[in-house]
Amino acid sequence: MNKRIELLQGDITKLYVDAIVNAANSSLLGGGGVDGAIHRAGGKQILEECRAIIAHQGRCHTGEAVITSGGRLPAKYVIHTVGPVWNGGKKNEAELLANCYTHSLQLAVEHSVKTIAFPNISTGVYRYPKTEAAQVAVDAVNAFLQQNTFLDKVTFICFDAENLTLYEELLNKL
Ligand code: AR6
């Protein structure tokens, strides 16, 4: 287990970390799942900042990440990233999903974030198989931490027990 990686089960909107990551869509205008929960808990400030980003740069492409404040959330920032829709695995899904984690971490460090939490991006509405997604997530975060000493802690927060078990197994091997 890497001492800078933490595993939790629960609701990401409740976490007291510098940044939480949102599994958004390219419109950044909200949706269901974790995206809906973050916008509900964080309030309209987050949506207003998302609208301003879209007006300025256009939609957020798959694998990319943007940052807003945390609104009313305990987290200072929300990093919105767009995971790939699962399409059988031959449409570059793994690389795009890894990019979500890496680009979110890069953006975090640029904003002096020390503690950050990720949901299980793409494993809900976007139907990415949980086993494969967990492997991509753990590999991408572990690789980033190998070459970055600024971040203190990266939390994987799983909503469901199945993901929690998958992450436990993978993290124990590190
Ligand atoms: N805290 C932590 N994890 C959560 C929470 C929560 N409050 N709620 C759900 N999850 P999903 P995607 C988990 O569908 O697959 C949205 O409509 C959930 O159990 O939220 O990337 C967006 O607008 C699952 O493991 O995101 C996009 O259109 C994980 O979060 C689309 O869904 C991701 O599930 C993105 O789909």
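Couple of notes before you dig in:
- Taken together, the residues in segment 56-88 that are of a type in the set (A, V, I, L, M, F, W, C) and assigned to a loop (DSSP other than H, G, I, E, B) amount to 5.
- Which listed residue is in contact with a strand residue (DSSP E or B) (Cβ under 9 Å, 6 or more places away or on another chain), touching a residue at least 24 places away in the same chain (Cβ under 8 Å) and open to solvent by less than 50 Å² (accessible area, probe 1.4 Å), from A98, A108: A108
Residue by residue, here is whether (1) more than 23 Å from T155 (Cα to Cα); (2) in contact with a Gly (Cβ under 8 Å, 6 or more places away or on another chain); (3) modelled with pLDDT under 95 holds:
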{"position": "G30", "(1), (2), (3)": "no, yes, yes"}
{"position": "A55", "(1), (2), (3)": "yes, no, no"}
{"position": "G58", "(1), (2), (3)": "yes, no, no"}
{"position": "I67", "(1), (2), (3)": "no, no, no"}
{"position": "T102", "(1), (2), (3)": "no, no, no"}
{"position": "T123", "(1), (2), (3)": "no, no, no"}
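- Being in a helix (DSSP H, G or I) and either surrounded by fewer than 17 Cβ atoms within 10 Å (Cβ to Cβ) or polar (S, T, N, Q) (or both) is not true of A41.
- In segment 83-98, the qualifying residues are those that are under 13 Å from the mean Cα position of the chain (by Cα) and of a type in the set (G, A, S), and the one that is nearest to F159 (Cα to Cα) is G83.
- Applying the set (1) of a type outside the set (S, T, Y); (2) in contact with a Pro (Cβ under 7 Å, 6 or more places away or on another chain); (3) modelled with pLDDT under 95 to M1 leaves exactly one unmet item: (2).
- Filter result (within 11 Å of the ligand (Cβ to nearest atom) and either in contact with a Phe, Trp or Tyr (Cβ under 9 Å, 6 or more places away or on another chain) or assigned to a loop (DSSP other than H, G, I, E, B) (or both)) within segment 138-163: T155, F156, I157, C158, F159, D160, N163
- From the options P119, P129, residue that is surrounded by fewer than 17 Cβ atoms within 10 Å (Cβ to Cβ) and within 21 Å of G10 (Cα to Cα): P129
- Of all residues making up segment 99-134, the number that are part of a helix (DSSP H, G or I) and either closer than 12 Å to A65 by Cα or more than 15 Å from the chain's Cα centre (by Cα) (or both): 13
- Checklist (1) away from the ligand (no atom under 14 Å from the Cβ); (2) within 23 Å of Y126 (Cβ to Cβ); (3) in contact (Cβ under 8 Å) with a residue 24 or more places away in the chain; (4) open to solvent by 60 Å² or more (accessible area, probe 1.4 Å) applied to R51, failing item: (3)
- The number of residues in segment 68-86 that are in contact (Cβ under 8 Å) with a residue 40 or more places away in the chain and away from the ligand (no atom under 15 Å from the Cβ) comes to 2.
The values are calculated or read from the model by the stated rules, or taken from the named source; none is laboratory data. In this text, all values refer to a predicted model and were calculated from it rather than measured experimentally. Note that each Cβ is placed from the backbone with ideal geometry, even for glycine, and that neighbours are counted across all protein chains shown. With ligands, DNA and RNA removed, areas are computed over all heavy atoms of the protein, side chains included. Shrake-Rupley method; radii C 1.70, N 1.55, O 1.52, S 1.80 Å.
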